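Taking it in order: structure first as structure tokens, then the write-up.
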Amino acid sequence: MIVKPSAPLEQLPSDLDCDRLPQHVAVIMDGNGRWAKERGLPRIMGHRRGVDTLKDLLRCCKDWGIGALTVYAFSTENWGRPMEEVQFLMTLFEQVLRRELAEMIAEKVRIRFVGNLTALPASLQREIARSMEDTQENKEVQFTVATNYGGRQEIVQACRAIAHKVKTGELEADAIDEALFERHLYTHELSSPDLLIRTSGEMRISNFLLWQMAYAEIYVTSIGWPDFDREAFHQALLDYQKRDRRFGKVR
Ligand code: FPP
């Protein structure tokens, strides 16, 4: 359940309707590598810069009254990248968590990690556990980081958990419906995203939140993630507010 942030909305651009903001925004933060390459920098510099972009977007969600932000930080497929880049990302996640935890607590942000977390380095798992525990009472923004996450993997683990309950007699097979299935997903405490933003131009969802995206509005921008600033987010929200969301019905 998402609680609307209590922050004053003065900073919301005047052409946005505060009653028609998405409650939950999901982001595929793509284009860090290309951003770096275009500047003659190593790919990892794009990821470093991407952290600043993410911090600003999180703050912007709080300022503008958007209660949930979910980002795709590392997919189950990303292990196939060069080992140095994978190691860099794991270390970066850990450093960022350690560095930003106090501010997240102060800003009343609740952080969650979703994905197969047991495969992550032990020191990162400890930081993740600490950050989730220390922010669990926070209600301003629900910030979810998909790490070692895959939409198919999430669905398979939900099926496995449900099958186990049926096998042990805890659950009747006929009791399985959409609501029950959703309760077995990593994101069971959140509503589905209203808006999916993908930076850097690719028109695909890349195994991100496959179940939850059923009725998300999709916005793709050619801007690379490190350059996705408040104005770019503003444009995404303006576009979202033009959409006619019918959820398969007619008006
Ligand atoms: C995709 O760009 C980006 C990633 C795989 C990593 C994104 C991670 C961050 C911005 C750090 C977030 C940190 C925390 C703690 C949540 P890409 O490398 O696929 O870019 P390319 O398509 O141009 O190669």
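Things to note:
- Among the residues of the stretch 143-162, those that are closer than 14 Å to T70 by Cα and of a type in the set (A, V, I, L, M) comprise V145, A146.
- Restricting attention to the stretch 56-81 and to residues that are over 18 Å from A106 (Cα atoms) and of a type in the set (F, W, Y), the residue that is surrounded by the fewest Cβ atoms within 10 Å (Cβ to Cβ) turns out to be W79.
- Selection from the stretch 18-50 of residues that are open to solvent by 60 Å² or more (accessible area, probe 1.4 Å) and either part of a loop (DSSP other than H, G, I, E, B) or in contact with a strand residue (DSSP E or B) (Cβ under 9 Å, 6 or more places away or on another chain) (or both): Q23, R39, G40, L41, P42
- Matching entry among T53, T118, T147 (being within 12 Å of the ligand (Cβ to nearest atom) and either open to solvent by 40 Å² or more (accessible area, probe 1.4 Å) or more than 19 Å from R230 (Cα to Cα) (or both)): T147
- Number of the exception - E137 against (1) outside any strand (DSSP E or B); (2) open to solvent by less than 60 Å² (accessible area, probe 1.4 Å): (2)
- Pairs with Cβ under 6 Å, 6+ apart, first in the stretch 230-246 and closer than 17 Å to H24 by Cα, second assigned to a helix (DSSP H, G or I): R230/C60; F233/C60; Q241/R20
- Going through (1) more than 18 Å from the chain's Cα centre (by Cα); (2) away from the ligand (no atom under 12 Å from the Cβ) one by one, V86 falls short only on (2).
The values are calculated or read from the model by the stated rules, or taken from the named source; none is laboratory data. Being a predicted model, the structure only gives us computed values, none of them experimental. Using ideal geometry, Cβ is built from the backbone for each residue, glycine included, and neighbour counts are taken over all protein chains shown. To get the accessible areas, we keep the full protein, side chains included, count just its heavy atoms, and leave off ligands, DNA and RNA. Shrake-Rupley method; radii C 1.70, N 1.55, O 1.52, S 1.80 Å.
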